[in-house]
Amino acid sequence: MLPDYRGASLLNLMASLAAACGAAPRHAPLAALPPARLAEARNVVLVIVDGLGDALLARHAGGGELHRRRLGSITSVFPSTTASAITTSYTGWAPLEHGLTGWFTYFGAAGCVGAPLPFVSRGDKRSLRARGLTPGRAFASGSLFDVLATRAIVVTPQSIVNSDYNLYHCGRAERRPYTSLEGFVAEAEAAVKSGDERKLVYAYWPDYDSTSHQHGRESPAALAQLAAFDRAFGELLERLAGTESVVIATADHGFIDSAPEESLELADAPELCALLRYPLCGEPRVAYCYVQEGRIAEFMQRAADWLGERASVRPSRTLVDEGWFGPGTPHPRLAERIGDVTLVMNGRYTIKDRTPGEARHRHIGNHGGTSEDEMRVPLVVETI
């Protein structure tokens with residue numbers, strides 16, 4: 001499923017919010033939620049439930065607080081992953097423009113593969129700052145909150161509120177941390193009621209995602225997280241009654257679950273490892289490969305022979321040309337960040353490699369790929 005950047009994706013939702021809050025939208029607005037529908041609200045509240053796919057919401061919370069207010073669905077971005085989609089929600093830019101193309105990214109300026117959200121190098125988890133890379137150099141896009149005509153407040157977990165990634169992408173927005181689901185509701189309510197001026201409140205909840213990675217998207221633990229959040233969302237709406245708010249809930253991506261036999265290890269194909277310059281980047285569902293000079297054709301053929309129908313082996317540039325990363329002007333280091341060849345995994349397959357210092361673990365729940373379950377997320381809207 002190609003993201004529908006023409007008017008039905010997370011990118012377009014952010015364009016609608018930007019226009020409704022006095023900024024020039026960077027892309028087409030969301031057809032299902034035009035700016036005019038938001039323009040009269042005193043408060044625009046965006047709630048992002050990390051990892052909540054649209055089909056899963058219908059299966060396991062149909063008739064609940066979120067699903068009863070479901071306006072429809074939208075697509076994520078590509079890759080359908082937090083690093084790319086949350087950055088789109090913070091900037092209003094497509095992945096093509098903001099240049100964060102997965103959990104692991106090759107940063108040439110630091111001479112290593114790093115994880116941009118925790119802002120550490122892969123393996124040794126050393127701060128990228130210690131390697132000479134500042135957030136300003138790593139993240140070229142500016143914060144959407146800095147160009148709004150309204151006051152902006154971000155409600156986010158205490159554990160990440162002061163991270164390099166958050167500090168950069170929140171820009172001038174006020175940041176309100178929380179440590180529990182009750183705290184999430186309380187801080188979102190307090191943000192909305194913190195003044196009479198017009199506001200955009202951005203509230204992020206990560207726990208369904210982290211639980212799904214560990215236990216699976218439909219595990220008892222993950223579904224308990226969903227049920228708890230659904231109740232909390234209803235409570236938040238009750239507390240916000242009479243505040244002249246439009247509350248929008250969506251997600252950055254959905255999930256699939258992968259069985260052990262669907263979780264491939266690059267070490268099982270040593271002939272491919274020998275042709276790579278750097279560890280795999282991106283995601284287990286969309287892996288970027290940096291191939292030795294002059295051996296791209298050989299690598300692609302060997303990868304296709306090994307993977308067969310388990311993956312599509314694509315020149316990374318072709319994905320750009322086909323519009324997977326979105327519209328706009330490419331980030332100046334986009335080519336560096338997507339490598340030479342991309343392995344787009346089919347079905348529920350994933351692929352990983354290991355670097356020194358990394359613990360062996362396998363995610364049951366995965367995302368980043370192009371399946372409908374990963375790509376389609378709910379659009380929930382309530383005016384109160």
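Quick check on the chain: helices-only [θ] at 222 nm, where DSSP H runs of length 4 and up contribute -39,500 (n - 2.57) each and the sum goes over total residues. Nearest 500, please. Don't skip to the answer; put the middle values down first.
Details: 15 runs with 120 residues, N = 384.
That comes out to -8500 deg cm²/dmol.
On each of the three principal axes of the Cα atoms of the chain, give max minus min coordinate, whole Å, ordered largest first.
64, 41, 36
If you place +1 on the Cβ of every Lys and Arg and -1 on the Cβ of every Asp and Glu, how big does the dipole about the Cα centre of the chain come out, in debye to the nearest 20? Write down the numbers at each step before the final one.
Numbers: 39 positive and 44 negative charges, 165 e Å.
It works out to roughly 800 debye.
Please compute the modelled spin-label separation between S210 and S312, points set 7 Å along Cα→Cβ, answer in nm with one decimal.
Simple spin-label model gives 3.4 nm for this pair.
Please list, or write none, the aspartates and glutamates whose alpha carbon is within less than 12 Å of the alpha carbon of K199, excluding same-chain residues fewer than 8 places away.
Of all the aspartates and glutamates, those that pass the test against K199 - Cα under 12 Å, at least 8 places apart if same chain - are E40, E174, E244.
Could you pull out every one of the lysines with an alpha carbon less than 20 Å from that of K125, ignoring same-chain neighbours closer than 8 positions?
Excluding near neighbours in sequence, the set is K352.
Pull up all non-local amide H partners of F104: gap of 5 or more, or a different chain, and H-to-H distance under 5 Å with H placed in the peptide plane.
Those qualifying (amide H under 5 Å, at least 5 residues apart or on another chain) are G282.
What FRET efficiency comes out for the pair E182/N162, r = Cβ-Cβ distance, R0 = 25 Å, nearest 0.05?
On the way: r = 21 Å, r/R0 = 0.86.
Step by step, r from the Cβ atoms, then E = 0.70.
Full-extension gain between A335 and A31, please, as 0.36 nm times their residue separation minus the C-alpha to C-alpha distance.
On the way: separation 304, 0.36 × 304 = 109.44 nm, distance 3.10 nm.
Between A335 and A31, full extension yields an extra 106.3 nm.
Note down the magnitude of the dipole of segment 260-364 about its Cα centre, charges +1 on Lys and Arg C-beta and -1 on Asp and Glu C-beta and zero elsewhere, to the nearest 20 debye. Don't jump to the answer; show the numbers that get you there.
Numbers: 14 positive and 16 negative charges, 58 e Å.
About 280 debye.
Could you compute the FRET efficiency for Q301 and R277, with r as their C-beta to C-beta distance and R0 at 22 Å, rounded to 0.05?
Values: r = 18 Å, r/R0 = 0.82.
The formula returns an efficiency of 0.75 here.
No value in this document is a laboratory result; all are computed from the given coordinates. As the structure is a prediction and not an experimental result, all values here were calculated from the model. Ideal geometry is used to build each Cβ from the backbone, glycine not excepted, and the neighbour counts take in all protein chains shown.
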